[in-house]
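All remarks here apply to the structure that follows.
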Amino acid sequence: MGSPELTTTELSTSRNTAASGRSSVIDSIWGCTGSTIQKDDLRKRITIPEYLRVAMREAIQNKDVDSVMRHYDMANAAGAEPPQPSESPIIVFINAKSGGRHGPELKARLQDLMGEEQVFDLSAVKPNEFVQYGLSCLEKFAALGDTCAKETREKIRVVAAGGDGTVGWVLGCLGELKRQDRDPVPPTGIIPLGTGNDLSRSFGWGGSFPFNWKTATKRILDRVANGPICYLDSWNLVISMPAGEAMETPYSLKTSDCASLDQELEIDGELPEKSSYYQGVFYNYFSIGMDAQVAYGFHHLRNEKPYLAQGPLSNKLIYSGYSCKQGWFFAPCSSDPGLRGLNNILRLYVKKVNSSKWEQVPIPSSVRSIVTLNLPSYGSGRNPWGNLKPQYLEKKGFVEAHADDGYVEIFGLKHGWHASMVMVELISAKHIAQASAIRFELRGGEWKEAYMQVDGEPWKQPMNKEFSTFVEIKRVPFQSAMVHGE
């Protein structure tokens, strides 16, 4: 019998709890309680039959599905006992560099709880290789009449063990199955090994790696095998900028020859003769402004002096100190106080709730950072949008926010002190809009560059005095399937 699917309303209650800033301590103790899960029983339920897991691993290593057909021939030879599929087959992708010293130990623990070939270290096997060769191996065996391979392909679930970047990477590669009409897309559960872990918090997997992690690992795998399925929107990001400007792009953004802007929204002003396009997908947030500048500085500092960042706590302390140094609290973004606000370089156009028309939305002059948020968890479990009352939602033309509602929430932060009060949930952020599509238009003026980040990956965006740079955000037409952890 298949696992139940959670409705948006049922999911929202647990997600509001997961987004609380208090959840980290509770989540860390999470592995210490609950009923005992027998190791042998768990292994029997989640371990893929040996001939299939070995064939998948070899197909990935060889980058060739045809090279492993001997495994099919042996398992389906005349007189051979028909192989039996496992009840709840699971594949794990682990970023062993995440989680400090726990990464390698967790990898060994996972391999002990299932077939070793089912645990993929992301430094050796990429998720796209699993999709291209591993799942194709199952599909080819199934097409030849192998019922065990067919049932395994239909039931298989995935675990992403790492931070939000790792989870997004896995989800993006699995999303290719939808584009290729290769259903079903395996639902994904999470083992949180990162610093913020906002995707993990939003889907009930906690905000930190549990203290009692050996016991918790069994419980996590059991929950992945049996947990209900829910869904997550993802958002396509397109950047159009004057050609010729050098830009150091984050991993999640790629150059694109086929990207274009929505023709329904006319561009006011001249366009450059040639434009460069970049494209990517985000699951949590995209931001412009001072918060991205602080993140950019922090990432460069951490890369230059990795010994300073030994774990989530030290990362957060260094980040806080760097925020002060960069001026989020004390110094202006510009020498002229009148030019500090993003409204001096930025125009915002959106398609609002229940509307198919583009319209311009004013940006408050006090705002120095604008965030486009998809999840109820941001910045290690905070909910800056807030849990808004029905009367306020109706007045503003908003709807209750969910991760699968087809909308993103756009809010502003004025400065570090305002952001601090928002992050401890004393106040909500500056609500700007709720939208199904967004276009930011940036024009340099006195600003030579702006700072942006997507799901924690920051970069420095060059700006032109004569021509605008555009950032357009639209929902990906299909959703990611997630296993809920609570």
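The values are calculated or read from the model by the stated rules, or taken from the named source; none is laboratory data. Values in this document were obtained by computation on a predicted structure and should not be read as measured data. When we count neighbours, we look across all protein chains shown, and the Cβ atoms used for this are built from the backbone with ideal geometry, even at glycine. These area figures cover heavy atoms from the full protein model, side chains too; ligands, DNA and RNA do not enter into them. Shrake-Rupley method; radii C 1.70, N 1.55, O 1.52, S 1.80 Å.
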Check: Considering the stretch 133-147 alone, what residues qualify as being in contact (Cβ under 8 Å) with a residue 12 or more places away in the chain and on the phi < 0 side of the Ramachandran plot?
Finding: Tyr133, Gly134, Leu135, Ser136, Cys137, Leu138, Glu139, Lys140, Phe141, Leu144, Asp146, Thr147
Note to self: I need the full set of residues from the stretch 111-149 which are within 15 Å of Val170 (Cα to Cα) and either part of a loop (DSSP other than H, G, I, E, B) or of a type in the set (Gly, Ala, Ser) (or both), in order please.
What the structure shows: Leu122, Ser123, Ala124, Val125, Lys126, Gly134
Check: Within the stretch 351-374, which residues are of a type in the set (S, T, N, Q), under 19 Å from Ile288 (Cβ atoms) and modelled with pLDDT under 95?
Finding: Ser365, Ser366, Ser369
Checklist line | Condition broken by Val119, with the remaining ones in (1) buried (at least 22 other Cβ atoms within 10 Å of the Cβ); (2) under 15 Å from Arg57 (Cβ atoms); (3) in contact (Cβ under 8 Å) with a residue 60 or more places away in the chain satisfied | finding: (3)
Note to self: Looking at the stretch 430-486 only, could you name the residues that are hydrophobic (A, V, I, L, M, F, W, C), touching a Pro at 6+ places or on another chain (Cβ under 7 Å) and outside any strand (DSSP E or B)?
What the structure shows: Phe467
Item checked: All positions within the stretch 55-80 that are in contact with a helix residue (DSSP H, G or I) (Cβ under 6 Å, 6 or more places away or on another chain), in a helix (DSSP H, G or I) and of a type outside the set (Ser, Thr, Tyr) -> Ala55, Met56, Arg57, Glu58, Ala59, Ile60, Val68, His71, Ala75
Notebook entry, point to check: Across the stretch 76-88, which residue is farthest from Phe120 (Cα to Cα) among those that are open to solvent by less than 60 Å² (accessible area, probe 1.4 Å) and within 38 Å of the chain's Cα centre (by Cα)?
Noted result: Pro83
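For every residue, the table says whether it meets (1) hydroxyl-bearing (Ser, Thr, Tyr); (2) open to solvent by less than 20 Å² (accessible area, probe 1.4 Å).
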{"position": "Pro362", "(1), (2)": "no, no"}
{"position": "Thr372", "(1), (2)": "yes, yes"}
{"position": "Pro376", "(1), (2)": "no, yes"}
{"position": "Pro384", "(1), (2)": "no, yes"}
{"position": "Asn387", "(1), (2)": "no, no"}
{"position": "Pro390", "(1), (2)": "no, no"}
{"position": "Ala403", "(1), (2)": "no, yes"}
{"position": "Gly406", "(1), (2)": "no, yes"}
{"position": "Lys414", "(1), (2)": "no, no"}
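Take the stretch 284-310 and flag every residue that is over 19 Å from Gly412 (Cα atoms) and either touching a Gly at 6+ places or on another chain (Cβ under 8 Å) or at pLDDT 95 or above (or both).
Step one: of the stretch 284-310, the residues over 19 Å from Gly412 (Cα atoms) are 297-310.
Correct list: Gln310 only.
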Notebook entry, point to check: Is there a residue being farther than 20 Å from Lys218 by Cα, β-branched (Val, Ile, Thr) and not in a loop (DSSP other than H, G, I, E, B) anywhere in the stretch 87-98?
Noted result: no
Check: Can you tell me which residues in the stretch 101-116 are surrounded by fewer than 16 Cβ atoms within 10 Å (Cβ to Cβ) and at pLDDT below 90?
Finding: Arg101, Pro104, Glu105
Note to self: Exactly one condition in (1) part of a loop (DSSP other than H, G, I, E, B); (2) surrounded by fewer than 21 Cβ atoms within 10 Å (Cβ to Cβ) is false for Arg219; which is it?
What the structure shows: (1)
Notebook entry, point to check: Quick check: is even one residue across the stretch 237-252 at pLDDT 95 or above, closer than 17 Å to Trp169 by Cβ and open to solvent by less than 30 Å² (accessible area, probe 1.4 Å)?
Noted result: yes
Checklist line | Number of positions in the stretch 342-397 that are under 24 Å from the mean Cα position of the chain (by Cα), under 14 Å from His431 (Cβ atoms) and in a loop (DSSP other than H, G, I, E, B) | finding: 6
Note to self: Yes or no: the stretch 84-99 includes at least one residue that is touching a residue at least 24 places away in the same chain (Cβ under 8 Å), within 15 Å of Thr152 (Cα to Cα), aliphatic (A, V, I, L, M) and in contact with a Gly (Cβ under 8 Å, 6 or more places away or on another chain).
What the structure shows: yes
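Would it be correct to say that Ser260 is modelled with pLDDT of 90 or more and out of contact with any Lys or Arg (no Cβ under 6 Å at 6 or more places or on another chain)? It would help to see each step written out before you state the result.
Values: modelled with pLDDT of 90 or more: no; out of contact with any Lys or Arg (no Cβ under 6 Å at 6 or more places or on another chain): yes.
Taking the combined requirement at face value, the residue does not satisfy it.
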Next item on the list: Go through (1) surrounded by 22 or more Cβ atoms within 10 Å (Cβ to Cβ); (2) touching a strand residue (DSSP E or B) at 6+ places or on another chain (Cβ under 8 Å) one by one and return the number of the condition Gly175 breaks.
Entry: (1)
Next item on the list: Starting from the stretch 217-229, take each residue that is without any contact (Cβ under 8 Å) to a residue 40 or more places away in the chain and hydroxyl-bearing (Ser, Thr, Tyr) and list its partners that are surrounded by 23 or more Cβ atoms within 10 Å (Cβ to Cβ) and outside any loop (DSSP other than H, G, I, E, B), counting only C-beta distances under 9 angstrom and pairs at least six apart or across chains.
Entry: none
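Of everything in the stretch 122-161 that's charged (D, E, K, R) and within 16 Å of Val68 (Cα to Cα), which residue is surrounded by the most Cβ atoms within 10 Å (Cβ to Cβ)?
Of all residues in the stretch 122-161, those charged (D, E, K, R) come to 126, 129, 139-140, 146, 150-151, 153-155, 157.
The next check asks that each one be within 16 Å of Val68 (Cα to Cα); those that pass are 129, 139-140, 146.
Numbers: Glu129: 16, Glu139: 15, Lys140: 18, Asp146: 22.
Ranking the qualifying residues of the stretch 122-161, first place goes to Asp146.
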